[in-house]
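To start, the structure itself, in structure tokens.
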Amino acid sequence: MAAVLLIEDDQRIRQALATRLAERGHHVDSVGRALEGVTKAVEGSFDVVVLDLGLPDMDGSEALRMIRAVSAVPIIVATARDDEDEIVAIFDAGADDYVVKPYSAAHLEARLRAVLRRSGGDGVSRTITVGELTVDLDAHEARLGDRPLDLSSKEFELIAYLAERPGTMVSKRELLAAVWKQPYGGADKTIDVHLSWLRKKLGETASQPRYLHTKRGVGVKLVDPDP
Ligand code: CA
């Protein structure tokens, strides 16, 4: 389904992931060193690059910047640190998405599908469905059941970002970095306001949420209200 370049120095992880992704129909090329990975990434015709941040010969974020400087290939970063600063830095350096180690092949594949969906990879549906909510990335339209939602551009991007990772709590800083491209933090209020507009359009309230669930000081997640 996709041509994947896996840059990961841990041989066990590399082989296991390459095998699992190949079983799922992907074409996988894998390397253990950053320099070789950067060279392949910028030369090759990969649909997506999976880059481990902890590599022996070069800092992974440096490798990320090197690839990004010359290529628009979608990059998913694998990080061992699950903290906001790290994730914001990853987006700032040009990553499209991230996974936190240890992660399963199924989880990586979900992130692969999300970045391929955004980049319009072959054979990947560009429509996301969560419950009654449908988000069409090509048409830039969202519907709730049969009802089209009249969303601003940022409201659309926000709901699309959340719908791509249903059930996952996403921090406001991550949203500012990924959707608003403000890695150094904008106002949380920006997100609060957009969320309240979205809620209104979805016909729900903060006190009686259906799709959008916020947790004070943690973030927001989009869920299927009737799974
Ligand atoms: Ca590593």
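Here each label is just a point 7 Å from Cα along the line to Cβ, and for Lys154 and Arg216 those points are 2.4 nm apart. Among the trypsin sites (Lys or Arg not before Pro) in the range 146-227, those located in a DSSP loop and surrounded by at most 15 other Cβ atoms within 10 Å of their own Cβ are Lys181, Arg216. Here the Debye sum runs over all C-alpha atoms of the chain as equal scatterers in vacuum, and log10 of I(q)/I(0) at q = 0.08, 0.10, 0.14, 0.15 Å⁻¹ comes out as -0.30, -0.47, -0.89, -1.01.
Run the accessible area of the chain with a 1.4 Å probe and give the carbon-and-sulfur part as a rounded percent.
47 percent
For Ala78, the residues whose modelled amide H falls within less than 5 Å of its own, excluding neighbours fewer than 5 places apart on the same chain, are Leu51, Asp52, Leu53, Val99. Only lysine pairs 8 or more places apart, or on different chains, with alpha-carbon atoms under 13 angstrom apart are counted in the range 101-227, and they number 5. Working note: Karplus 6.51/-1.76/1.60 with θ = phi - 60° gives the range 100-106 the couplings 9, 6, x, 10, 8, 4, 5 Hz, where Gly and Pro are set to x.
For the chain, what is the accessible area per residue in Å², given a 1.4 Å probe and the full set of protein chains?
Numbers: 11030 Å² over 227 residues.
For the chain, the solvent-accessible area averages 49 Å² per residue.
Cα centroids of the range 178-227 and the range 8-66: 34 Å apart.
Can you work out the base-10 log of I(q)/I(0) for the range 1-131 at q = 0.12, 0.15, 0.20, 0.22 1/Å, using the Debye formula on its C-alpha atoms alone? After summing over all Cα pairs, the log10 values are -0.40, -0.64, -1.19, -1.46.
Summarising the amide proton neighbourhood of Gln182: residues at separation of 5 or more, or on other chains, whose placed amide H is nearer than 5 Å comprise Ala177.
Net charge within 10 Å of Asp9 by Cβ-Cβ distance, Lys/Arg positive one each and Asp/Glu negative one each, not counting Asp9 itself? Mind showing how you got there, number by number?
Working: positive: Arg14, Arg33; negative: Glu8, Asp10, Asp52, Asp57.
Charge balance in the 10 Å sphere: -2.
Along the range 52-69 the Karplus relation, 6.51 cos²θ - 1.76 cosθ + 1.60 evaluated at θ = phi - 60°, assigns HN-Hα couplings of 6, 6, x, 10, x, 9, 6, 5, x, 6, 5, 4, 4, 5, 5, 5, 5, 4 Hz to successive residues, with x for each Gly and Pro.
Starting from the Cα-Cα distance between Glu36 and Thr168, subtract it from 0.36 nm times their residue separation and give me the gain in nm to one decimal. Can you show the working numbers first?
Working: separation 132, 0.36 × 132 = 47.52 nm, distance 3.34 nm.
Gain in length upon complete extension: 44.2 nm.
Taking 25 °C and 0.890 mPa s as conditions, the range 145-227 diffuses translationally at an estimated 190 µm²/s according to Stokes-Einstein applied to its Kirkwood radius (Cα pairs).
The values are calculated or read from the model by the stated rules, or taken from the named source; none is laboratory data. Small disclaimer: the values here were computed from a predicted structure and weren't measured. Glycine also receives a Cβ, built like all others from the backbone with ideal geometry; neighbour counts cover every protein chain displayed. Remember, those area values only see protein heavy atoms, side chains included, never the ligands or the DNA or RNA. Shrake-Rupley method; radii C 1.70, N 1.55, O 1.52, S 1.80 Å.
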